[in-house]
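The values are calculated or read from the model by the stated rules, or taken from the named source; none is laboratory data. Note that this is a predicted model, so its numbers are computed, not measured. Glycine also receives a Cβ, built like all others from the backbone with ideal geometry; neighbour counts cover every protein chain displayed.
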Amino acid sequence: LSDGPLRGKRIVVTSGPTYEPIDPVRYIANRSSGAQGTAIARALAVLGAEVIFVTGPADVAPPEGVTVVKVETAQQMLEAVQGVLPADAAVFAAAVADWRVASASSSKIKKTKGGLPVLEFAENPDILATVSQMEQGRPDLVVGFAAETDHVIENATAKCARKGCDWIVANDVSHETGIMGGAENDITLISDAGAEDWPRMSKSDVAARLAERIAQALA
Ligand code: C5P
């Protein structure tokens, strides 16, 4: 392990959903098993990287051989990432909730006759954009993800440009693809070199191939 091509490289990986509390017993979240992010962290560690794995509450267990930082909310995830930088690369595979409840209740919201609760939202920080746009200490390689349902390449390319990342891993998550929560992924890697369509393969094969590419880029 220790003499792999990523030996001496420090890489931050975010993974899983974030949970944004409504009250002590309820939350809003995005759908995410954490499977792809976990596989990426594992593959980077196998190539010898020092991996800091910042994860929300995922379905799958974190990999062996990485430093695990567990968080719940997007704000905690941003603080955790900022706290573990600098790094040579950062891979943002987490499905971060775009909004949090503006003033989460500290006690359980009761059902009241004839009244429904109204939630007000506030925008969460964009962790990928924040790190991509760092003026000092930005990782050499910042990789984002884009789950899209249509115009996948156009939307993902625009997203990467807007946020300032170097690469974006685009995947089609339309209902019929069965990718969300599944074992396989069908991705397009978008970089300066253009859009590279990978064949459908297991999430662990996607991770291994992406880790190899990251090793080449950092070499
Ligand atoms: O804008 P969208 O959520 O589609 O962007 C997806 C990419 O941005 C992923 O890499 C995700 O981890 C990252 N992201 C983030 N912080 C947010 C929202 C998304 O890091 N608040």
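Could you list, in sequence order, the residues of the range 98-137 that are surrounded by 10 or more Cβ atoms within 10 Å (Cβ to Cβ), over 13 Å from Glu20 (Cα atoms) and among the basic types (Lys, Arg)?
Across the range 98-137, the qualifying residue is only Lys108.
Conditions tested, residue by residue: (1) surrounded by fewer than 19 Cβ atoms within 10 Å (Cβ to Cβ); (2) modelled with pLDDT under 95; (3) in a strand (DSSP E or B).
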site	(1), (2), (3)
Ile22	yes, no, yes
Tyr27	no, no, yes
Arg31	yes, yes, no
Gln76	yes, no, no
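Please determine, by comparing only the residues of the range 119-171 that are part of a loop (DSSP other than H, G, I, E, B) and aliphatic (A, V, I, L, M), which one is modelled with the highest pLDDT.
So in the range 119-171, the residues part of a loop (DSSP other than H, G, I, E, B) come out as 119-120, 124-126, 133-140, 149-151, 164-166.
Of the ones still in play, those that are also aliphatic (A, V, I, L, M) are 119, 134.
Values: Leu119: 95, Met134: 98.
The selected residue is Met134.
Mind checking which pairs have a first residue in the range 21-36 that is touching a residue at least 24 places away in the same chain (Cβ under 8 Å) and a second that is surrounded by fewer than 16 Cβ atoms within 10 Å (Cβ to Cβ) and assigned to a strand (DSSP E or B), Cβ under 9 Å, 6 or more apart or different chains?
Ile28/Trp99; Ile28/Phe121
Please pick out the residue among Ala193, Ala156 that is near the ligand (Cβ under 10 Å from one of its atoms) and either more than 24 Å from Ala49 (Cα to Cα) or in contact (Cβ under 8 Å) with a residue 60 or more places away in the chain (or both).
Of the residues listed, the single one that is near the ligand (Cβ under 10 Å from one of its atoms) and either more than 24 Å from Ala49 (Cα to Cα) or in contact (Cβ under 8 Å) with a residue 60 or more places away in the chain (or both) is Ala156.
Yes/no matrix, rows are residues, columns are (1) surrounded by fewer than 19 Cβ atoms within 10 Å (Cβ to Cβ); (2) free of Cβ contacts under 8 Å to residues at least 60 places away in the same chain; (3) in a loop (DSSP other than H, G, I, E, B); (4) within 14 Å of the chain's Cα centre (by Cα):
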| residue | (1), (2), (3), (4) |
| --- | --- |
| Pro5 | yes, no, yes, no |
| Gly8 | yes, yes, yes, no |
| Ile11 | no, no, no, yes |
| Ile40 | no, no, no, yes |
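Looking at the range 128-135, can you tell me whether even one residue there is of a type in the set (A, V, I, L, M), near the ligand (Cβ under 9 Å from one of its atoms) and within 19 Å of Arg31 (Cβ to Cβ)? Spell out how you get there, then give the answer.
As a first pass, look at the range 128-135 and keep what is of a type in the set (A, V, I, L, M): 128-129, 131, 134.
Narrowing the set further to residues that are near the ligand (Cβ under 9 Å from one of its atoms) leaves 128-129, 131.
Applying the additional criterion that residues be within 19 Å of Arg31 (Cβ to Cβ) yields 128.
Yes, because at least one residue in the range 128-135 is of a type in the set (A, V, I, L, M), near the ligand (Cβ under 9 Å from one of its atoms) and within 19 Å of Arg31 (Cβ to Cβ).
Condition first: charged (D, E, K, R) and in contact with a strand residue (DSSP E or B) (Cβ under 9 Å, 6 or more places away or on another chain). Can you find one or more residues in the range 77-89 that meet it?
yes
When residues of the range 43-69 are filtered for being under 20 Å from Pro86 (Cα atoms), touching a helix residue (DSSP H, G or I) at 6+ places or on another chain (Cβ under 7 Å) and part of a helix (DSSP H, G or I), how many remain?
Within the range 43-69, residues that are under 20 Å from Pro86 (Cα atoms), touching a helix residue (DSSP H, G or I) at 6+ places or on another chain (Cβ under 7 Å) and part of a helix (DSSP H, G or I) number 1.
Looking at (1) in a strand (DSSP E or B); (2) farther than 24 Å from Ile190 by Cα; (3) near the ligand (Cβ under 9 Å from one of its atoms), can you tell me which one Val91 breaks?
(2)
Can you list residue pairs whose Cβ atoms sit under 7 Å apart, with the first residue in the range 138-151 being within 21 Å of Ala89 (Cβ to Cβ) and the second being in a loop (DSSP other than H, G, I, E, B) and away from the ligand (no atom under 13 Å from the Cβ)? Count only pairs 6 or more apart in sequence or on different chains.
Taking only residues 6 or more apart or on different chains, the pairs are Pro139/Ala87; Pro139/Asp88; Asp140/Asp88.
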